[in-house]
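To keep things clear, I will list the structure first and then write my remarks on it.
The values are calculated or read from the model by the stated rules, or taken from the named source; none is laboratory data. Please read these numbers as outputs of a predicted model, since none were measured by experiment. Because the Cβ atoms are built from the backbone with ideal geometry, glycine has one as well, and the counts that use them run over all protein chains shown. Side chains are part of the model used for accessible areas, which takes the heavy atoms of the whole protein and leaves out ligands, DNA and RNA. Shrake-Rupley method; radii C 1.70, N 1.55, O 1.52, S 1.80 Å.
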Amino acid sequence: MTATLSPTPLPLLSNLPLARTAGWQYVLRLADNALILGQRNAEWCGHGPVLEEDIALANISLDLIGQARLLYARAGELEAELTGRARHEDDYAYWRGEREFRNWTLLELPHSGPLAGTASSDRDYAVTIVRNFLYSALMVELWSALAGSRDAGLAAIASKSIKEARYHLHHGADWLVRLGDGTELSHERTQRALDHLLPYMNECFVPDPVEQEAAAQGIAVPTAELRPAWQATVEQTVAEATLTLPAATGFVSTGKQGLHSEHMSYLLAQMQSLARAHPGAHW
Amino acid sequence: MHADSDADSHADSHANGHPDTRLHAVHADADAQARAARAWTVLDAVPDPEIPVVSIRDLGILREVAIADDGALEIVITPTYSGCPAMAEIAEDIGRALDQADLGPWKIRTVLAPAWTTDWITAEGRDKLRAYGIAPPARCADQGAPTRLVRFVPRHRAPGDTGATNATGARVATGAAGATGAVGATGARATDNVTCPHCGSPDTEPLSQFGSTACKALYRCRACREPFDYFKPY
């Protein structure tokens, strides 16, 4: 990823001023976050380390994909207000290209650790747990704040999602302690996962024009304001898990600008290929 | 990801939970009232697809029955969890029940706000759940649940812990070292006081926060040793 790349304008709306599209773009980001992590976690379905965790990950995915559906429905309404043409949740999920997805890069990374050579390397449950923990610790704060959004549709979705995010945080924190303060091997792998993933959280807190405009309109909340609360949860749990919080400054990923890691296209290929091979199919 | 075509999938903050706005849509005549009342009775018999022992009314999924301006019955439902896969089936079941009762045209509206909570499960519904072997949820309003984290007890805390060991070898915390509840064989702490629906013992432990459906956790009774589902406070 180099500085010469620039974000791709979203189709149809590139000629509209940001003041009009910011709310829609912001909701779409939240939807993409939920969908992409839901898709990733669903990869454990049938492959969980123990039966309870297999079921837990499937349940968490179900919540996330449910949140994504609600958010895409809201995005579709907002888009229709701009263009007169509504897109359906399936249009957003299955018929957009990589550069049109605006999820945080953290959420598209594979379950394998940093030393893996390819996207298809072995899954590491420590990576799964650390990511879910970091994400849901933030989403508990973000959904709480968004419950007061001026966008009534988004506020309603946030009020539901917070309850689910709390359970996801319980699960992630629980297992972070169990793995971090577990065996020598589980500790080492969890520490490695934390070292690998924490830098990707910077993206969540870096302000950008879409978030700033949506926040100015009362639709969004500047995520940077939530950082202290998130940091407190992370520090407390990481300490309890006997792990070390790495320094994670400098690196900022760019998924929310549409510039993704090399792993994103593989994820989309798997998620979208069936819908694209059989357009309009129902079952 | 196919939305049910009858169900409007976003919140309408006006028409939900405010009886006086609802009244605008209700014809004052007695026939309409009787029809709506009959629809309530019919829908009270529609079971939840995943927990058929309780009705959609018991669970608080069915929020309102009104007569819309065009004369159709308007059924307002709310999803439990965002990803509840049963919503489409519930809508189908509602339509089938209304058709069978010959109640005339109807439409279903799905609302999100206010968000569904397990506090809306009726007293009768809670009894039915318990009789079915599912522990009913603690009240969210009472305890602010589920904000406290369920935690495995860190090993490094063990030496200073004054917890005793029970017959199964599980450490049982006695309130020292910041413990907030019993520590079970899984090492997990219970934050809710869950009573076994089989034997009534309060000596239970969580096995997994996620059970057979999104709305349930898996618990085990330490008295009768039976595992059971716990309907999570939401």
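Looking at the stretch A:107-198, the helices (runs of 4 or more DSSP H) lying wholly inside it that each contain 2 or more residues that are away from every other protein chain (no Cβ under 14 Å) sit at A:125-146, A:184-197.
Anything in the stretch A:207-221 that is part of a helix (DSSP H, G or I) and either open to solvent by 20 Å² or more (accessible area, probe 1.4 Å) or free of Cβ contacts under 8 Å to residues at least 40 places away in the same chain (or both)? List them, or say none. Give the derivation first.
Residues of the stretch A:207-221 that are part of a helix (DSSP H, G or I), as a first pass: A:209-216.
Hits for the stretch A:207-221 are A:P209, A:Q212, A:E213, A:A215, A:A216.
Count of the stretch A:75-96 residues, restricted to those that are open to solvent by 30 Å² or more (accessible area, probe 1.4 Å) and under 26 Å from A:N132 (Cα atoms), is 1. Listed by first and then second residue, the pairs with beta-carbon distance under 6 Å, at least 6 apart or on different chains, first residue in the stretch A:226-248 and open to solvent by 60 Å² or more (accessible area, probe 1.4 Å), second part of a helix (DSSP H, G or I) and aromatic (F, W, Y), are A:R227/A:F205.
If you go through the stretch B:206-232 and keep only what is away from chain A (no Cβ under 12 Å), under 20 Å from A:S161 (Cβ atoms) and open to solvent by 10 Å² or more (accessible area, probe 1.4 Å), you end up with nothing.
Going through the stretch B:47-57 one residue at a time, which ones are part of a loop (DSSP other than H, G, I, E, B) and surrounded by 20 or more Cβ atoms within 10 Å (Cβ to Cβ)?
Across the stretch B:47-57, the qualifying residues are B:D48, B:I51, B:V54.
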